[in-house]
1. Normalized C-alpha radius of gyration of segment 1-147, against 2.2 N^0.38 Å?
2. If I take R0 = 35 Å and measure r between the Cβ atoms of residue 52 and residue 13 in this structure, what FRET efficiency does the formula 1/(1 + (r/R0)^6) give, to the nearest 0.05?
3. If we restrict to alpha carbons, what Rg and Dmax does segment 182-331 come to, in Å?
4. Give me the number: length gained by fully extending residue 375 to residue 277, i.e. 0.36 nm times residue separation minus the C-alpha to C-alpha distance, one decimal in nm.
5. Using alpha-carbon pairs under 8 Å, 6+ residues apart, how would you state the relative contact order of segment 138-274 in percent?
6. Going out from 0 in 10 Å bins, what whole percent of all Cα-Cα distances in the chain drops into each bin?
7. Hey, could you grab the Kirkwood Rh for segment 333-417? Inverse mean 1/r over distinct alpha carbon pairs, Å, one decimal.
8. Per q in 0.25 1/Å, what log10 I(q)/I(0) does a Debye calculation on the alpha-carbon atoms of segment 105-193 return?
Ligand code: GLN
């Protein structure tokens, strides 16, 4: 049996049935990392001892007949902007190269409490700003599908680790698409939950009103398992949602059963000039799959979708510029060696430790918030955000889910868009509006064109995670059955 090929659900079952020990599972994954990660660079740090210790505890529990948590013995990776006591948390930046948090994020506590095994922390675009994992201080991550390609970003390390079978599950974050887009580029499943469903306590802020923790798995059931283990109200996060959402998936139904009665909307605005024309053919096939499964598919309109990306850009940059102010060379992180005044200490530390992309965002955000321009940019963006939310609210009155491609372009070659940040930004055009409206969405593999994987985005209304999970299960089943 090739342990690393097992899904998270299978690992859990085999451990429960005593067919595998957690220690065997963890060792197999650590070996896999040793063998392949020099080519992928998915990990920034690996907690070998901690993982083996946690595995031993799981095996002990099984031996003593104790009940195992929902993630019992499953190897999991965390994006390196989720704080952990046991390993450093770098955010992919020189600024936090050696930073160690005094506490665990709530999601980390939840994973540990449910017997999940944290293997290590994954590579990412610096401070989660980017779409290709090329802005990391620790060097780029490569896409396991084809190592000449980027894995997407900013959670590219987590997506690559899952695809490369280095772990079964992983957490990322998603502020404008950073879980869904790398899931699409690495040919796996990624879910961005509704804003507030998963605690952000201990997740380093990028843009607070948009940030969410995302999950990765190689199939829908695995991703749903990971999500169900981390949801829930947290008094330490003031934006946490108080009503519990139960994510209970009925297993082994026919694909048609999952989707029975669902109405699906396809926004006509997705057929933009900038979209890779090969994706239009893929969308046509996707629509046919859903129709054959018995769903009703109709064209809808989201009139303000086209402004989503610029709105996201202004709001996220504004929030980023104020969030990044805490990295001042004094409180934590990097401190410049040479300075003679306090101002110089701030300036040199930030100048030496932040990469170009981070500087670009701070400059843009400061500009959008500057006196006199705040009205012109920031306030206008807030108004546009409301219009985008209204568009989705209207659509969800009549439709259960909305479909778009996850990214308007296919995974690109490493280095190809190095000097084209605006083209890279474009990859968030269908994902960022979902964050602006606080909705949930999944990216699910929907085939290949010219050897490149394509992701389908399934968007659901706020706290209607079950709709996207059911639609995902139906689609996955439909594809498998060759519909
Ligand atoms: N790619 C987007 C950006 O660069 C999304 C980032 C994210 O979701 N963290 O802003």
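What follows is calculated from the coordinates using simple rules that are stated; it is not laboratory data. Being a predicted model, the structure only gives us computed values, none of them experimental. So basically every Cβ, Gly included, is an ideal-geometry build from the backbone, and we count neighbours across all protein chains shown.
1. The reported ratio for this selection is 1.08.
2. Numbers: r = 22 Å, r/R0 = 0.62.
After rounding, the FRET efficiency stands at 0.95.
3. 19.0, 60
4. Numbers: separation 98, 0.36 × 98 = 35.28 nm, distance 3.73 nm.
Gain on extension, residue 375 to residue 277, equals 31.6 nm.
5. Computed over segment 138-274, the figure is 19 percent.
6. 4, 21, 32, 27, 12, 3, 0, 0
7. 17.6
8. -1.22
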